Structures are given as structure tokens and as C-alpha cells.
Amino acid sequence: MTEKQTWSQRFESALHPAIARFNASISFDIELIEYDITGSQAHAKMLAHTGIISRAEGEALFNGLEQVRQEYRQGQFQPGVDAEDVHFAVEKRLTEIVGDVGKKLHTARSRNDQVGTDTRLYLRDQIQQIRQQLRDWQTVLVDIAEKNVETLIPGYTHLQRAQPVSLAHHLLAYFQMAQRDWERLEDVYSRVNISPLGCGALAGTTFPIDRHYTANLLHFDNVYANSLDGVSDRDFAIEFLCAASIIMVHLSRLSEEIILWASEEFRFITLKDSCATGSSIMPQKKNPDVPELVRGKTGRVFGHLQAMLVIMKGLPLAYNKDLQEDKECIFDSVNTVKACLEAMTILLQEGLEFRHQRLATAVTEDFANATDVADYLAARGVPFREAYNIVGKVVKTSIAAGKLLKDLQLEEWQQIHPAFAADIYEAITPRQVVAARNSYGGTGFEQVRQALVNARTQIGVK
Ligand code: ARG
């Protein structure tokens, strides 16, 4: 037999133990306990402030809740499945500590507005932590970029060598993604930070509560204007999961590149021992487990976003127990994003090394400078499309002759078109190819140096 439930007076018999377990959320919503206590303390203060309970009662509730917090922190209070959920667990322990006055805490409140409040308080903190982690990731990207403005790396389209780029430019692309993630979370935060407390079960309350008073105490920016909406809205969770999913997209794309770069086919980076693992059977192997795990964990965050959307789509107003399912989606996504950001930041900071020799060779061994030959002719009056066709033929003959463009003799160039002169050789060196792309936002070294200055300003580091 399970212990009697808080709501059991209306019931003839006790809950089936398996159903009690099925119904209970304490195993995961215990994560919210400190937020539940903080929310309840604000509610108790408001009850006293508005005269719904006496000042002494308000203080007893507040202090009793503080004791529950301390007991929890010291490991003395560990609620089990009988508590059903964290809200009942805290209220029950409070009542054991302060006696009958504890039973007044739930005046003018429902678990529906309570759980919404707790979840928002939790998510608010987590969003700020994730934003700080994004900043850490950005800082590492800028640090590496700064040292590699003039390091060249093949740039790809269709995973075919296209044009060489500055390695710094490549890394700063991820900086920009992280910047949008950071801004997106700021925006999500503004809708997380609205108080549903005081919406009651669904319709408000008969007591003269002061919702703005609790909202102020809890540092919410505003209160929900409609009680039905306040207790049943989970848009803020969907938005967070969406922002979390986009962060994972970015981390996963970088992971994929790191995995490719570490392969024997690319050999652009070496993984250091602190961030790579071996195989149990193939002694020569060094595996990129960290980026692989980040790429793999992306799936679960996308899954939680999908789950949350499906949970919501058919729900009639207002609260439905389906909403209890939001917590595991949120908690697991928060934990996954934080773990992945931490691992990726460490990996970049100390887990990999670019192989400069190999990169320098990689940017000279192909036809990634062909566009520059076309640009060379176009700059000398040949219409671009015509120049493009000429260079297409040059590439074709060079491939047939087993030569790169840089190996053609000046006479060969001039046979192709009289506009070619001795300066063609300088124009097609990888360095010049990169330097010349000085259009705003391009990979030209001047642009990249300015982008680095801007990046430092954006993250507020000198
Ligand atoms: N554990 C519940 C949840 O997470 C709390 C709210 C319960 N409300 C109710 N009317 N049964 O959603």
C-alpha cells in the first residue's frame, strides 16, 4: 500500500502502487526543488503582504521553507515516490517542520501555476548559463582565429575544393553562428521570464492576491495576462528547445568538420591524447569520440523539440497532465547542450592541433585558383563569361598534361590569351587568391582582421 495522497479524501481507495509510480514525477522534477522553494517563499510573502494570512504565519512559512532547502542541500531530505511530485514533497516536509500553518501555503495557488513558475525560474538560470558557455566557445574560436589569419585552408562547396580561405575566416563563421545563438536565447529569455503565479488552477482565485508583488520578488519582467493561457502555455519551452536545437546544429556541423579533418584523407588536424580515445582492437587508432558524441547527441535534442510540439498540439485548455512530460524534454536538452558546449570548448582549446605544413601543401595541390585566372582576364576587359570559358579549357589541358596552373609557361598562358602577362603567377598564389577577396565579409586578410576586432568587441573582451 502506498501512503495516502494529499488529495485522497475524495477517494474511496488508495492508488495502485504501479499507477502511483506511473503518475509520479518526483524522480525528475526534484531538479526543480530549489526553484519550488523560492517560488513558495515569494507566494508566502505575498499572502502575508495582502493580509490573506498573518505576518507571523508568513514568516513561519518562509523560514520553514528555508529549512527545507537546507535539509535538502545537506542530504537530510530526500523525498521518495510517495510524494508524487516535488510540490507535494516540499509542502509535506514544510508542514512537518512548521506544523498546521504549513497547510496555509497552498492558499490561492494551484500546482498548475506553481509548476509553471518553477519551470520558468529553472529555465531562466539555465539560459544564462548556456549563454555564458556560448561566450566561452566564442572566446576560444577568436583566440585560435587570431593566431591563424594567414593560415590557409582549402574552402569547399559540395565538399569539393573550391577556393582557399583563411583558417581564421573559417573559424569566425562558427563565431557568427554562436553569436546568433546567444542573441536568440536572449530573446527566448524575454518570454520565459513571465510569471504565471496567481493564475491558480485555470481561472484565477477568489483571494485578493497581488500577482505583480510575487512577480517582482521573483524578478519576472511581467505576469501572464490570461490565467488559462498562463497555466497551459509551453511556447517558452518549445522556443527554448528550438534555440537549443539550433545550437546543436552548429556544434554538430563543426564536429563533422573536425572528424573529417582528423581523418587520414584530410590530415588537417591532429587530435591530442587528452581529447581522443583508442580502439579496443586496432592499436593504431585514435578516434574523434568527442565530436562524434556531440554529433550523435544532437539527435536527442531535436527529438525533445519534436516531442514537445506533439505534446502540445492537441491539448484543450487549460492544464492537462500531458504537460508533466515537458520536464524531461527540457532537463535533458539543457544538460545535453551544456555538456556538448563544454566538451567542444575544451576540444578546441586543447584537444587539437592544426597541421600547418599539410595545410600549406593542401592549398597548392589543386585548381582552387581557377576563378582567379578568370577574374584576372575579366579585370583586363575580357567579359567574365568568356574568361570563364577560356579558363575552363586551360584547366582541362592542364589536367591532361598532369600540370597545375602555376606550372604553365608564360608562352602557354599567352597562347591561350594575349592579355596574360608575367604577373599571372603572383595572382594565382594561394596567398594572393585569399588576400584579393577583400570584399566586405570576404576572406581577404584585411577583412578577417577587421572581423576579429568586431568579434572581440561583440563578446566584450579586449
Ligand atoms: N507534476 C505536475 C506537472 O509536472 C504538477 C502539476 C499537477 N497538476 C495537476 N492538476 N495534477 O505537471
Legend entry - Test set (1) out of contact with any helix residue (DSSP H, G or I) (no Cβ under 7 Å at 6 or more places or on another chain); (2) within 16 Å of the ligand (Cβ to nearest atom); (3) on the phi > 0 side of the Ramachandran plot - Leu228 fails condition number: (3)
Inset, instruction - Could you please let me know if Tyr156 is of a type outside the set (Lys, Arg) and without any contact (Cβ under 8 Å) to a residue 40 or more places away in the chain? - result: yes
Inset, instruction - Please enumerate the residues belonging to segment 376-425 that are touching a residue at least 40 places away in the same chain (Cβ under 8 Å) and in contact with a Phe, Trp or Tyr (Cβ under 9 Å, 6 or more places away or on another chain). - result: Tyr376, Leu377, Leu404, Lys406, Ala419, Phe420, Ile424
Inset, instruction - Just give me the residues in segment 291-324 being within 17 Å of the chain's Cα centre (by Cα) and small (Gly, Ala, Ser), in sequence order. - result: Gly296, Gly299, Gly303
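Give the residues of segment 77-96 that are of a type in the set (A, V, I, L, M) and crowded, with 18+ Cβ neighbours inside 10 Å, sorted by residue number.
Listed by number, the residues that qualify are Ala83, Val86, Ala89, Val90, Leu94.
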Legend entry - Yes/no for Phe28 being surrounded by fewer than 18 Cβ atoms within 10 Å (Cβ to Cβ) and within 12 Å of the ligand (Cβ to nearest atom): yes
Inset, instruction - Would you check if Gln324 is in contact (Cβ under 8 Å) with a residue 12 or more places away in the chain and within 16 Å of the ligand (Cβ to nearest atom)? - result: yes
Legend entry - Selection count where residues are among the basic types (Lys, Arg) and surrounded by fewer than 21 Cβ atoms within 10 Å (Cβ to Cβ), scope segment 309-337: 2
Legend entry - Selection from segment 74-126 of residues that are outside any helix (DSSP H, G or I) and within 11 Å of the ligand (Cβ to nearest atom): Glu84, Asp85, Ser110
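Criterion first (free of Cβ contacts under 8 Å to residues at least 24 places away in the same chain and farther than 30 Å from Ser190 by Cβ) does Asp82 satisfy it?
no
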Legend entry - Criterion (among the hydroxyl-bearing types (Ser, Thr, Tyr), farther than 20 Å from Gln160 by Cα, under 44 Å from the mean Cα position of the chain (by Cα) and modelled with pLDDT of 95 or more) met by exactly one of Tyr376, Tyr425: Tyr376
Legend entry - First in segment 11-27 and within 14 Å of Glu325 (Cα to Cα), second anywhere and within 16 Å of the ligand (Cβ to nearest atom) and among the acidic types (Asp, Glu), Cβ under 8 Å, 6 or more apart: Asn23/Glu84; Ala24/Glu84; Ala24/Asp85; Ser25/Glu84; Ser25/Asp85; Ile26/Glu84; Ile26/Asp85
Legend entry - Criterion: farther than 30 Å from Leu348 by Cα and not acidic (Asp, Glu) - qualifying residue of Arg191, Arg180: Arg191
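The values are calculated or read from the model by the stated rules, or taken from the named source; none is laboratory data. Just so you know, these numbers come straight off a predicted model, no measurement behind them. A quick note on method: Cβ atoms are made from the backbone with ideal geometry, for glycine too, and the neighbour counts reach across all protein chains shown.
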